[in-house]
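A.B. asks: Below: one structure in structure tokens.
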Amino acid sequence: MHRRNGVYGLFAAFLVALVAPPAAALEATVEEAELDNGLRVLVREDHRAPVVVSQVWYAVGSSYESRPVTGVSHVLEHMMFKGTETLAPGEFSEIIAREGGRQNAFTGRDYTGYYQQLAAERLETSFRLEAERMHRLRLDPEHFQREREVVLEERRLRIEDQPLAAFGERFRTVMYPASAYRQPVIGWSEDLQALELGDLEDWYHRWYTPANATLVVVGDVDAEAVFALAREHFGAVPAGERPRLRTDWRISEPGARRFESSDPRVRTPHLSLAYEVPSAATAAEMGDVYALEVLAGVLDGGDGARLPQALVRGDELAAEVSAGYSPVARLDTRLSLDAVPATGVDINALESAVRAELAQLREQPVGAEELERAKNQLLADHLYQLDSMFYQAMRIGMLETVGIGWQWLEGYEAGIRSVTAADVQRVARQYLREDRLALGVLRPQEQAPGDDNGGEDR
């Protein structure tokens, strides 16, 4: 059984105004089916080019982990390329390359995903290989030891050797005092060093089941043919059970928190503010989500947005400033602001200026022109992504896996368009409050005379 649902038609008029794509691209649908073993299959036909994107999403990531076993989702992602009962290590990638395709994987807080981009007639190759490693992965001790070292080195290069990344990792524990989002996707170094092969085996058997997976296909395909092909290759995979999630122990409105750190490798201070806000999965009112997106757009939606206008080009207090909010998460998330002071500007003065801009949002409604600019920028960015087959699949898979559902796309434009200046002011007052704030400051550290860290300015 499968059902047909309309999607993306809601963007038609706006798309035509922006880029005037072929009419066929505006009439796309998402079709879905569920196999007997619980695997959900979502297909979006897009016949503009003879290619296909295939993605397998597992509902597991770093927010499903707990100490002392962190980083296991990411290490398992590495091991998924190291052989199965019938495939030698690296053979998966070699086959895709011989077929002229591209493939890779990613781990996030709420999901782990694997994808291939191929000529449309090669889709069966992708299904055959993914079905094989869904239930016949071979976890070799020697390969595990090597990949764990690879991940530890990746952590050193990406986090420990990067002052701002190391600061962000520590600040995240203050930003999320009890949420599972407090731990890094790559895992804590101590946990990675103690990680054992048995931890990966348990993780694989618990989470890598059809009942905990979603297959997303976008491209020059026929949905019925894709469903038949999915049954042929994935239908025999044992169903398993969809694991039950533990409660996410959150502290609602935990009170203002401040984290300060110093590092001799940095020359310029960095300021971070993060306010606890709902995601599209946790919001009691979806209108709050749309209003928060527009609020973030008012602050930092292009060169004409409020923060760069006021703090970079206006008062020249900041060399860099940004704001961001992504509602696509399964738990409560954060609206974040980051700023770097201009030369000679004290970090405390910059903090006061940023806070003043936020206070103005709480106290005064945004103007009509400013509001419309923020909405248009949001929709233009969103539609630009949806013009790509790969990002169509990403959006669909991500929304499904975090529990929002791809149907959220159907109401997105209307939701953004409906936001009023009063809505923006309301959510600013409701969420940009001191008791929801975590503030972090990274400062340069004074060095002793003659002490040289041997590095360049960061």
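A.B. asks: Given the conditions (1) touching a Ser or Thr at 6+ places or on another chain (Cβ under 7 Å); (2) touching a residue at least 24 places away in the same chain (Cβ under 8 Å), and given that GLU124 satisfies all but one, which numbered condition is not satisfied?
C.D. replies: The number of the failed condition is (1).
A.B. asks: Can I ask one more? Looking at GLN145, GLN162, can you tell me which residue is touching a residue at least 60 places away in the same chain (Cβ under 8 Å), surrounded by fewer than 18 Cβ atoms within 10 Å (Cβ to Cβ) and either of a type in the set (Gly, Ala, Ser) or assigned by TED's automatic domain parsing to the domain that holds TYR58 (or both)?
C.D. replies: Values: GLN145 fails: touching a residue at least 60 places away in the same chain (Cβ under 8 Å).
GLN162 is the lone residue from the list that is touching a residue at least 60 places away in the same chain (Cβ under 8 Å), surrounded by fewer than 18 Cβ atoms within 10 Å (Cβ to Cβ) and either of a type in the set (Gly, Ala, Ser) or assigned by TED's automatic domain parsing to the domain that holds TYR58 (or both).
Every residue, every condition in (1) surrounded by fewer than 19 Cβ atoms within 10 Å (Cβ to Cβ); (2) more than 13 Å from VAL298 (Cβ to Cβ), yes or no:
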| position | (1), (2) |
| --- | --- |
| ALA318 | no, yes |
| SER352 | yes, yes |
| ALA368 | yes, no |
| ALA374 | no, no |
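A.B. asks: Of ALA323, ALA280, ALA342, which residue is at pLDDT 95 or above, crowded, with 23+ Cβ neighbours inside 10 Å, in contact with an Asp or Glu (Cβ under 7 Å, 6 or more places away or on another chain) and of a type outside the set (Ser, Thr, Tyr)? Before the answer, list the steps.
C.D. replies: Details: ALA280 fails: in contact with an Asp or Glu (Cβ under 7 Å, 6 or more places away or on another chain); ALA342 fails: crowded, with 23+ Cβ neighbours inside 10 Å.
Being at pLDDT 95 or above, crowded, with 23+ Cβ neighbours inside 10 Å, in contact with an Asp or Glu (Cβ under 7 Å, 6 or more places away or on another chain) and of a type outside the set (Ser, Thr, Tyr) holds for just one of ALA323, ALA280, ALA342, which is ALA323.
A.B. asks: Mind telling me which of the residues THR282, THR343 ends up being part of a loop (DSSP other than H, G, I, E, B) and under 20 Å from the mean Cα position of the chain (by Cα)? Before the answer, list the steps.
C.D. replies: Details: THR343 fails: under 20 Å from the mean Cα position of the chain (by Cα).
So the residue among THR282, THR343 that is part of a loop (DSSP other than H, G, I, E, B) and under 20 Å from the mean Cα position of the chain (by Cα) is THR282.
A.B. asks: Please give the number of the condition ASN212 fails out of (1) farther than 20 Å from ILE396 by Cβ; (2) assigned by TED's automatic domain parsing to the domain that holds THR29.
C.D. replies: Condition (1) is where ASN212 drops out.
A.B. asks: Which ones in the range 88-114 are within 22 Å of PRO210 (Cβ to Cβ), in contact (Cβ under 8 Å) with a residue 60 or more places away in the chain and not in a strand (DSSP E or B)?
C.D. replies: Those that are within 22 Å of PRO210 (Cβ to Cβ), in contact (Cβ under 8 Å) with a residue 60 or more places away in the chain and not in a strand (DSSP E or B): GLY108, ASP110, TYR111.
A.B. asks: Scan the range 405-421 and report the pairs whose first residue is in the same structural domain as THR282 (by TED's automatic domain parsing) and whose second residue is among the acidic types (Asp, Glu), with Cβ atoms within less than 7 Å and a gap of 6+ or a chain change.
C.D. replies: Short answer, once both residue conditions are applied: TRP406/GLU400; ILE416/GLU293.
A.B. asks: Assess whether LEU215 counts as being surrounded by 19 or more Cβ atoms within 10 Å (Cβ to Cβ) and within 30 Å of GLU434 (Cα to Cα). If you could, list the steps in order and put the result at the bottom.
C.D. replies: Values: surrounded by 19 or more Cβ atoms within 10 Å (Cβ to Cβ): yes; within 30 Å of GLU434 (Cα to Cα): no.
Judged against the criteria, LEU215 is not a match.
A.B. asks: Just checking, how many residues over the range 170-194 are part of a helix (DSSP H, G or I), surrounded by fewer than 18 Cβ atoms within 10 Å (Cβ to Cβ) and out of contact with any strand residue (DSSP E or B) (no Cβ under 9 Å at 6 or more places or on another chain)?
C.D. replies: Here the count works out to 4.
Residue-by-condition table, conditions (1) at pLDDT below 95; (2) of a type in the set (Lys, Arg); (3) under 22 Å from the mean Cα position of the chain (by Cα):
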site	(1), (2), (3)
GLU169	no, no, yes
ARG172	no, yes, yes
PRO177	yes, no, yes
PRO184	no, no, yes
GLY187	no, no, yes
GLU190	no, no, no
GLU196	no, no, no
TYR208	no, no, yes
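A.B. asks: For the range 351-390, which positions are in contact (Cβ under 8 Å) with a residue 24 or more places away in the chain and outside any helix (DSSP H, G or I)?
C.D. replies: Once the filter is applied, which keeps residues that are in contact (Cβ under 8 Å) with a residue 24 or more places away in the chain and outside any helix (DSSP H, G or I), the range 351-390 yields GLN364, PRO365, VAL366, GLY367, ASP387.
A.B. asks: Taking the residues in the range 391-411 that are touching a helix residue (DSSP H, G or I) at 6+ places or on another chain (Cβ under 6 Å) and within 13 Å of ASP110 (Cβ to Cβ) as candidates, determine which candidate is surrounded by the most Cβ atoms within 10 Å (Cβ to Cβ).
C.D. replies: GLU400
A.B. asks: Moving on to the next point. For the range 83-133, which positions are among the basic types (Lys, Arg) and either more than 30 Å from SER66 (Cβ to Cβ) or surrounded by fewer than 22 Cβ atoms within 10 Å (Cβ to Cβ) (or both)?
C.D. replies: From the range 83-133, those among the basic types (Lys, Arg) are 98, 102, 109, 122, 128, 133; that's our starting set.
Hits for the range 83-133 are ARG98, ARG102, ARG109, ARG122, ARG128.
A.B. asks: Which residues, counting only those in the range 38-61, are of a type outside the set (A, V, I, L, M, F, W, C), part of a strand (DSSP E or B) and more than 14 Å from MET394 (Cα to Cα)? Write out each step before concluding.
C.D. replies: Here is the first cut: in the range 38-61, the ones of a type outside the set (A, V, I, L, M, F, W, C) are 38, 40, 44-48, 50, 54-55, 58, 61.
Then drop every residue that is not part of a strand (DSSP E or B), which leaves 40, 44-45, 54-55, 58.
Across the range 38-61, the qualifying residues are ARG40, GLU45.
A.B. asks: Residue check, TYR290 against (1) at pLDDT 95 or above; (2) surrounded by fewer than 20 Cβ atoms within 10 Å (Cβ to Cβ), all met but one. Which one?
C.D. replies: (2)
The values are calculated or read from the model by the stated rules, or taken from the named source; none is laboratory data. Nothing here was measured: the structure is a model prediction, and the numbers come from that model. Counting neighbours? That spans all protein chains shown, and the Cβs are built from the backbone with ideal geometry, glycine included.
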